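Input: a single structure, listed below in structure tokens.
The values are calculated or read from the model by the stated rules, or taken from the named source; none is laboratory data. Only a predicted model underlies this, so the values are computations on that prediction, with no experimental measurement involved. Every residue, glycine as well, gets a Cβ built from its backbone with ideal geometry; the counts of neighbours run over all protein chains shown. Each accessible area value is taken on the protein alone, full model and side chains, heavy atoms only, with ligands, DNA and RNA left out. Shrake-Rupley method; radii C 1.70, N 1.55, O 1.52, S 1.80 Å.
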Amino acid sequence: MKLATLRTGGTTRAVRLDGDTLVDLGYPDLGALLAQDDWAAVAATATGTAYPLAGAEFAPVVPEPSKVVCVGLNYRNHIQEMGRDLPEHPTLFAKFADSLIGAGDDILRPAETGEFDWEVELAVVIGKPVRRARGEQAEAAIAGFTVLNDITCRDWQFRTREWLQGKTWDSTTPVGPYLVTPDELPGGVRPALDVTLTVDGETMQSDNTGDLLFDPVALVEYVSTVVRLNPGDLIATGTPGGVGHARKPARYLRGGETVVTEIQGLGRLENRVVRDGGDA
């Protein structure tokens, strides 16, 4: 299944993609749906109002997750381009829900940064509460996957050894458009999917999630050891090589660019970069 949170009539609705229509699932968003123990059965059988896919406006796939956990340095080629050794453990940081935007929303470039960068990422969507999950329990906790662009203020990220302040700026992180369940993907809960990111049509990143150092199941195991994972929580699994900061010379988003973030089988984000407080 492909599920989403649709904006319609001044509110949002959880929907299922059926051909060229979006079927209302009876919940205000995917976070509310995933909180139900039988969410998969509800999503598969619901026959609510149908909305046209053409012209649909998507909210963040889960508008208000209880947490967004992100993984740094998880593609071998990105680790190498950043001049680091392969880590023994995942590098974790967090985002807040205020940073999330929809699949077609504008990315707000803060006036305070001069080093605004892109990062295509596969994101895990959690479908049931887990703590200290292992093996099959960790696999079963994965509701599906979505696309995330971990837009980063590099100058703020590297002000200190902690990355949070560069990673969670308001209205900078598109995520969506769909939650795609593992049964639709090659590799299931360990999918091998092509990922790409372009800026104004120029390819900046291109890789496959098979290059992940720590796969989605391993990340659910690791993160749930530290903190309880709730339905609707997101784990962003890291980005491959090709970020602007590592280029020579470095390249950053100035405003006015269109960034397209795409993952095979999951969909695409298409976002314009707009200077915060006014048009680019």
TODO: Could you tell me what fraction of 2.2 N^0.38 Å the Cα radius of gyration of the range 1-84 comes to, as a two-decimal ratio?
DONE: 1.40
- [ ] Give a quick list of chymotrypsin sites (Phe, Trp or Tyr not before Pro) in the range 84-179 that DSSP marks as loop, anything other than H, G, I, E or B, with at most 16 other Cβ atoms within 10 Å.
- [x] Phe96, Phe158
Task: Euclidean distance between Cα centres, the range 193-249 to the range 47-112, Å - done: 9
- [ ] For Lys2, list the lysines whose Cα falls under 19 Å from its own Cα; do not include residues on the same chain fewer than 8 positions away.
- [x] Lys128
Task: the chain, dipole about Cα centre (Lys/Arg Cβ +1, Asp/Glu Cβ -1), debye to the nearest 20 - done: 560
Task: Amide H partners (placed H, <5 Å) of Ile101, local residues excluded - done: Thr173, Val175
TODO: Let me know the Rg and Dmax you get for the chain when you use only its Cα atoms, in Å.
DONE: 17.7, 53
Open item on the list: Using +1 at the C-beta of Lys and Arg and -1 at the C-beta of Asp and Glu, which of Pro216, His245, Ile235 has the Cα lying farthest in the positive direction of the dipole of the range 208-280?
Closed with: His245
Open item on the list: Could you derive backbone 3J(HN,Hα) for the range 218-231 from the dihedral phi with the Karplus parameters 6.51, -1.76 and 1.60 (θ = phi - 60°), listing whole Hz in sequence and x where the residue is Gly or Pro?
Closed with: 4, 6, 4, 4, 5, 5, 5, 5, 7, 8, 5, 9, 10, x
Task: Electrostatic dipole magnitude of the range 26-113 [Cβ: Lys, Arg +1; Asp, Glu -1; Cα centre; debye, to 20] - done: 200
Task: Loop-located trypsin sites (Lys or Arg not before Pro) in the range 204-251 whose Cβ has at most 15 other Cβ within 10 Å (DSSP) - done: Arg228, Arg247
Open item on the list: In whole percent, and with a 1.4 Å probe on the protein chains, what portion of the accessible area of the chain is carbon and sulfur?
Closed with: 47
Task: Whole-Hz ³J(HN,Hα) from phi, Karplus 6.51 cos²θ - 1.76 cosθ + 1.60, for the range 86-92, glycine and proline x - done: 4, x, 7, 10, x, 8, 10
TODO: At q = 0.12, 0.14 Å⁻¹, what is the base-10 log of I(q)/I(0) for the range 96-221 according to the Debye formula with one equal point scatterer per Cα and no solvent? Please give it to two decimals.
DONE: -0.52, -0.71
TODO: Take the Cα gyration tensor of the range 90-134, multiply each eigenvalue by 5, square-root it, and list the three semi-axes largest first, rounded to whole angstrom.
DONE: 28, 14, 11
TODO: Please give the per residue accessible area of the chain, computed with a probe of 1.4 Å over protein heavy atoms only, in Å².
DONE: 41
Task: DSSP-loop GluC sites (Glu not before Pro) across the range 46-112, with at most 11 other Cβ within 10 angstrom - done: Glu88, Glu112
Open item on the list: Rounded to the nearest 5, what % of DSSP beta bridges with both residues in the chain are antiparallel?
Closed with: 90
- [ ] Take every Cα pair under 8 Å in the chain that's 6+ residues apart, average their separations, divide by the length, and report that relative contact order as a whole percent.
- [x] 24
